[in-house]
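Visitor: Mind having a look at this structure? Questions to follow.
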Amino acid sequence: MKIRLFYILVLLGFGLYAQQPTLDYYLPKNITYNPAIPTPKEVIGHEVGEWHVTHDKLLFYMQALAKASNRITIENRGTTFEGRPLVLLTVTAPDNHAKLEEIRTNHLQLTQSNGNTLNTAEMPAVVYQGFSIHGNEASGSNAALAYAYYLAAAQGSEIEEKLDNLVILLDPSFNPDGLQRFAYWANIHKSQNLNPDPNEREYHEVWPGGRTNHYWFDMNRDWLPVQLPESRARIATFHKWMPNILTDHHEMGSNSTFFFQPGEPTRVHPLTPKINQELTKEIGTYHAKALDKIGSLYYSEENYDDYYYGKGSTFPDVNGSIGILFEQGSSRGHIQESENGILTFPFTVRNQFTTALSTIEAANSMRSKLLDYQRTFYKNMATNASKDKVKGYIFGDEKDPAKAWHLAEILERQQIRFHELKNDTKVGSKNYKKGSAYIVPTNQRNPRLIKAMFEKRTTFTDSLFYDISAWTFPLAFNLDYQELSSITTAGSPIEKLEPITGKITGSSNYAYLMPWNPYYAPKALNTISQAGLRAKVAKSPFTLEGNRYDYGTIMIPVQNQKLEKDELYTLLKEVAEDNSLIITAVGTGSTLGIDLGSNEFDPIKKQRVAMLVGNGISPYDAGEIWHLFDTRYDMHITKIDTDYLNRVDLSRYTDLIIPSGWGSNMLDQQAATKIKEWVKDGGTVIGFRNVASWFKNNDFLNLTMLKDTTLKATNIPFDKRRDFRGAQVTGGAIFEAKLDLSHPIAYGYKNDKISMFRNTNIYLKAEENSYENPIQYTSNPLQSGYISEENEALIKNSVPFKAKRLGSGKVILFTDNTNFRAFWYGTNKLMMNAIFFGDSM
Ligand SMILES: [Zn+2]
């Protein structure tokens, strides 16, 4: 009866939709439900789909279920940046709960060499179901309310069989901070009479929206690099359980229906076995049947790919599991007009609920097959790895232990075994030092995952990519690295990474020296200059007391400082220890090379940095910079919205960062004039990627942009025109550039080659004077990833960086992203060099 009422109200004439969804609308029919289990409404005060659930209410409900049901336990695996708990429900039969640890350890043996004797016919399969990693794709987390209720309360043999045969890991919100932000937005605009007009403000979130987490990261790109707290919880759960299926519930455009994987058959990563896609397809038949039953339109094998292992539905595929992407056409708020008629929020929630259920239906029916696939996956790898010529990888940086440590940290999070060095060693032309280098043997549980992280790939079966086409980690970190044909140089395996230590060598009456190579040197320098101390940067190398110091060494004199000699020592000792680096006390200013009193040392100003955010600016790019300053370097960065930029007194700031944005029209004329006047008075403006065209149009920089004129569509039919254009997109690949180590932009780098990440097609012509091209792409720059032939011709010998004087200030441009997704540690220093040494350029 209630169900019928729902439909009647939705179908009432255009404009008035006073619908009241009820729980019955979502649940399978003809089943009884345990009355001792509270419904969502009894706990959170509203029906599923009536309002957008806030994360706190979602949490209360899941806690209430765990309390009421002996099928469910709940655990907290950490917190988001905003302090929200990252909970996980474990759902299975009470008998299984009683021996859960035994089930888990048996299950893990399938991925190890001792799994051969296990009888998979008697083992439960493990399903990890996660919802709304994009916070404003909320139908997933809202469906999790009804789904968790069903799992706790449904009675009868059908559910009991599933609970006997499965361990379900239910993650109701992959992105609590984003979900909370979006729920607030959708709920504050809801009218009593639901308004489906797409122009309604409810469907137009303000910048930055609820898709991302606190620092505006797309967390569905972080499953491989694991840089964010939410990802750390997910990846820990993944490795703890090695699920057979992992599902990832999303939303897409409002005019779309419902998508489930497999995606485009030609766009699967070559390290993913064929049988993975066959199993994905077989699982898909269960979704199709379930959606047919409720009359929902859907599609499969189109649009979405299965390429980048940093995505939730692809990461499992390189781990012997099956990742499944779901995409539901979004109502954004509570109801919206669409090409498929009126799209209600409850309708979208019901599709997510239905496919959550068809997932466990498939897992139950295909249980042995999935478990056997997992076992075979690991067995075959072990056989193949023993035949592989590559026995391991060595990586490190003798001058920057912290950067190498952070790559090791990713390996640790992915449960990849790595070793310290037995002794310092030289491989090829590079030195690797014990303590700042590591060896990863391929002879271990998952060599395929290691390959996915370390390999360079430049040939592809398809030219279209949903996301980046390369992520080779040692290049992202700009570390020295090498494939090894034997690992005799490996010392003991590292069970737990200990933090890198720093120290000061002693107390000085004269001066202290701090090399600029270590990853945390910018943080150290910021602490020193914020304390009001004078520091200078060396523009040439020199040798003092037997040590060689590179370009960019920081010198802190003892005399004439705000702090007394002993206080200075105490502060610098703390700085060295906090930043995992070495500060050397020296007794003389007389060197081989520039003396410490030389004019070849430039003074360093205390930096006050601002960054534009808001309309016109990419939240991803801005968030990466905010995160870098705030969480890695402990530096203030003032976020100024483009909305009120014209009212701000910029003279408070030494640097203004403009992250990538809409391009030539991203800021108005008044803003251009204001920023230019400020630069002429001595400010440093630093623009990224699309800001190039804005700089050019507003005469900040005189740029020649290289364009391809050869590309013509010949023999391309109408229905292939999108693929033709798509093949010209540089979605994310890695390129090699030459570095002029004497230029301040290159301070702190020890090699004269650098790997740059780029996801634009902006190609800048080099300057005629070689010294004005401190970073220049080589004549054969592609290191890893996809670029079209036409664009590859343009990038050769072009430049990704410009620095020019304007009045008394500086205009600095990077066409590439130096801070990509928090894991591109290798180019972070380029941006910090622009901040600290812009005046010397
Ligand atoms: Zn999504």
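Visitor: Mind checking which residues of the stretch 433-449 are closer than 18 Å to Leu497 by Cα and either assigned to a strand (DSSP E or B) or not charged (D, E, K, R) (or both)?
Guide: If the condition is that a residue be closer than 18 Å to Leu497 by Cα and either assigned to a strand (DSSP E or B) or not charged (D, E, K, R) (or both), then Gly435, Ser436, Ala437, Tyr438, Ile439, Val440, Pro441 are the ones that fit.
Visitor: Filter the stretch 738-778 for residues that are part of a loop (DSSP other than H, G, I, E, B) and among the hydroxyl-bearing types (Ser, Thr, Tyr) and give the result.
Guide: Ser742, Tyr747, Tyr749, Thr760, Tyr763
Visitor: Right, next: Would the stretch 772-795 turn up any residue that is surrounded by 21 or more Cβ atoms within 10 Å (Cβ to Cβ), in contact with a Leu (Cβ under 8 Å, 6 or more places away or on another chain), aliphatic (A, V, I, L, M) and farther than 30 Å from Tyr466 by Cβ?
Guide: No, there is no match, as no residue in the stretch 772-795 is surrounded by 21 or more Cβ atoms within 10 Å (Cβ to Cβ), in contact with a Leu (Cβ under 8 Å, 6 or more places away or on another chain), aliphatic (A, V, I, L, M) and farther than 30 Å from Tyr466 by Cβ.
Visitor: Next question, about the same structure. Look through Ile450, Ile468 and report the one residue that is buried (at least 19 other Cβ atoms within 10 Å of the Cβ), hydrophobic (A, V, I, L, M, F, W, C) and more than 18 Å from Ser755 (Cα to Cα).
Guide: It is Ile450.
Visitor: Ok, one more. So for the stretch 195-206 (the condition being assigned to a loop (DSSP other than H, G, I, E, B), touching a helix residue (DSSP H, G or I) at 6+ places or on another chain (Cβ under 8 Å) and either within 16 Å of the ligand (Cβ to nearest atom) or free of Cβ contacts under 8 Å to residues at least 40 places away in the same chain (or both)), does at least one residue qualify?
Guide: Yes: the stretch 195-206 contains one or more residues that are assigned to a loop (DSSP other than H, G, I, E, B), touching a helix residue (DSSP H, G or I) at 6+ places or on another chain (Cβ under 8 Å) and either within 16 Å of the ligand (Cβ to nearest atom) or free of Cβ contacts under 8 Å to residues at least 40 places away in the same chain (or both).
Visitor: Kindly provide the set of residues from the stretch 547-606 that are hydroxyl-bearing (Ser, Thr, Tyr) and free of Cβ contacts under 8 Å to residues at least 60 places away in the same chain, ordered by number.
Guide: Those that are hydroxyl-bearing (Ser, Thr, Tyr) and free of Cβ contacts under 8 Å to residues at least 60 places away in the same chain: Tyr549, Thr553, Thr570, Ser590, Thr591, Ser598.
Visitor: Checking Phe418 against (1) surrounded by fewer than 17 Cβ atoms within 10 Å (Cβ to Cβ); (2) in contact (Cβ under 8 Å) with a residue 60 or more places away in the chain; (3) farther than 22 Å from Arg221 by Cα, only one condition comes out false. Which one?
Guide: Status for Phe418: all satisfied but (1).
Visitor: Examine the stretch 44-67 for a residue that is in a loop (DSSP other than H, G, I, E, B), among the aliphatic types (A, V, I, L, M) and either modelled with pLDDT of 95 or more or buried (at least 18 other Cβ atoms within 10 Å of the Cβ) (or both), and state whether such a residue exists.
Guide: Yes: one or more hits.
Visitor: Within the stretch 209-238, track down each residue that is assigned to a helix (DSSP H, G or I) and either touching a Pro at 6+ places or on another chain (Cβ under 6 Å) or more than 16 Å from the ligand (Cβ to nearest atom) (or both).
Guide: Keep residues of the stretch 209-238 that are assigned to a helix (DSSP H, G or I), which gives 219-221, 229-238.
Passing the criteria: Pro229, Arg232, Ala233, Ile235, Ala236, Thr237, Phe238.
Visitor: For the stretch 113-141, which residues satisfy the criterion of being within 16 Å of the ligand (Cβ to nearest atom) and hydrophobic (A, V, I, L, M, F, W, C)?
Guide: Phe131, Ile133, Ala138
Visitor: What about Phe353, is it touching a Gly at 6+ places or on another chain (Cβ under 7 Å) and modelled with pLDDT of 95 or more?
Guide: So Phe353 does not fit the description; no.
Visitor: Six or more apart or on different chains, Cβ atoms under 8 Å: show the pairs whose first residue is in the stretch 126-151 and under 29 Å from Leu108 (Cα atoms) and whose second is within 12 Å of the ligand (Cβ to nearest atom) and charged (D, E, K, R).
Guide: Gly130/Asp248; Ile133/Asp248; Gly140/Glu251
Visitor: Still on this structure, I have one more. Can you tell me which of (1) farther than 19 Å from Thr247 by Cα; (2) in contact with a His (Cβ under 8 Å, 6 or more places away or on another chain); (3) within 16 Å of the ligand (Cβ to nearest atom); (4) not hydrophobic (A, V, I, L, M, F, W, C) is the one Asn175 doesn't meet?
Guide: In the conditions (1) farther than 19 Å from Thr247 by Cα; (2) in contact with a His (Cβ under 8 Å, 6 or more places away or on another chain); (3) within 16 Å of the ligand (Cβ to nearest atom); (4) not hydrophobic (A, V, I, L, M, F, W, C), Asn175 misses (1) alone.
Visitor: Moving on to the next point. Inside the stretch 708-722, can you point out the residues that are assigned to a loop (DSSP other than H, G, I, E, B) and either at positive phi or exposed (fewer than 10 other Cβ atoms within 10 Å of the Cβ) (or both)? Walk me through it before giving the result.
Guide: First pass over the stretch 708-722, keeping only residues assigned to a loop (DSSP other than H, G, I, E, B): 708-717.
Answer for the stretch 708-722, where residues must be assigned to a loop (DSSP other than H, G, I, E, B) and either at positive phi or exposed (fewer than 10 other Cβ atoms within 10 Å of the Cβ) (or both): Thr709, Thr710, Lys712, Thr714, Asn715, Pro717.
Visitor: Would you mind stating whether Thr730 is modelled with pLDDT of 95 or more and not aromatic (Phe, Trp, Tyr)?
Guide: no
Visitor: Is there any pair linking a residue in the stretch 463-482 that is on the phi < 0 side of the Ramachandran plot and part of a loop (DSSP other than H, G, I, E, B) to one that is surrounded by fewer than 24 Cβ atoms within 10 Å (Cβ to Cβ) and among the polar types (S, T, N, Q), with Cβ under 6 Å and at least six apart or on different chains, and which?
Guide: Here the result reads Ala470/Ser784; Thr472/Ser784, each pair linking the stretch 463-482 to a residue that is surrounded by fewer than 24 Cβ atoms within 10 Å (Cβ to Cβ) and among the polar types (S, T, N, Q).
Visitor: State all residues of the stretch 481-512 that are small (Gly, Ala, Ser), buried (at least 16 other Cβ atoms within 10 Å of the Cβ) and more than 33 Å from the chain's Cα centre (by Cα); if no residue qualifies, say none.
Guide: Ser508, Ala511
Visitor: I'd like the residue in the stretch 299-354 that is on the phi > 0 side of the Ramachandran plot and within 16 Å of the ligand (Cβ to nearest atom) and, out of all such residues, is surrounded by the fewest Cβ atoms within 10 Å (Cβ to Cβ).
Guide: Asn303
Visitor: Moving on. Identify the residue in the stretch 684-709 that is of a type in the set (Gly, Ala, Ser) and over 18 Å from Val613 (Cβ atoms) and, among all such residues, is farthest from the chain's Cα centre (by Cα).
Guide: Of the stretch 684-709, the ones of a type in the set (Gly, Ala, Ser) are 687, 692-693.
Subset that is over 18 Å from Val613 (Cβ atoms): 692-693.
Numbers: Ala692: 25, Ser693: 27 Å.
Filtering the stretch 684-709 for residues that are of a type in the set (Gly, Ala, Ser) and over 18 Å from Val613 (Cβ atoms), the one farthest from the chain's Cα centre (by Cα) comes out as Ser693.
Visitor: Continuing with this model, one more query. Report yes if some residue within the stretch 743-753 is within 33 Å of the chain's Cα centre (by Cα), among the charged types (D, E, K, R) and at positive phi; otherwise report no.
Guide: No, the stretch 743-753 has no match at all.
Visitor: Can you go through Leu279, Leu271, Leu291, Leu246 and tell me which one is of a type outside the set (D, E, K, R), within 16 Å of the ligand (Cβ to nearest atom) and in contact with a helix residue (DSSP H, G or I) (Cβ under 7 Å, 6 or more places away or on another chain)?
Guide: On inspection, the qualifying residue turns out to be Leu246.
Conditions tested, residue by residue: (1) buried (at least 20 other Cβ atoms within 10 Å of the Cβ); (2) out of contact with any strand residue (DSSP E or B) (no Cβ under 9 Å at 6 or more places or on another chain); (3) within 27 Å of Ala356 (Cα to Cα); (4) charged (D, E, K, R).
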position: Ala152; (1), (2), (3), (4): yes, no, yes, no
position: Asp171; (1), (2), (3), (4): yes, no, yes, yes
position: Asp177; (1), (2), (3), (4): yes, yes, yes, yes
position: Asp197; (1), (2), (3), (4): no, no, no, yes
position: Val206; (1), (2), (3), (4): no, yes, no, no
position: Gly209; (1), (2), (3), (4): no, yes, yes, no
position: Asp218; (1), (2), (3), (4): yes, yes, yes, yes
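The values are calculated or read from the model by the stated rules, or taken from the named source; none is laboratory data. Not measured: the values here are computed from a predicted model. All Cβ positions, even for glycine, are placed from backbone atoms using ideal geometry, and neighbour counts span all protein chains on display.
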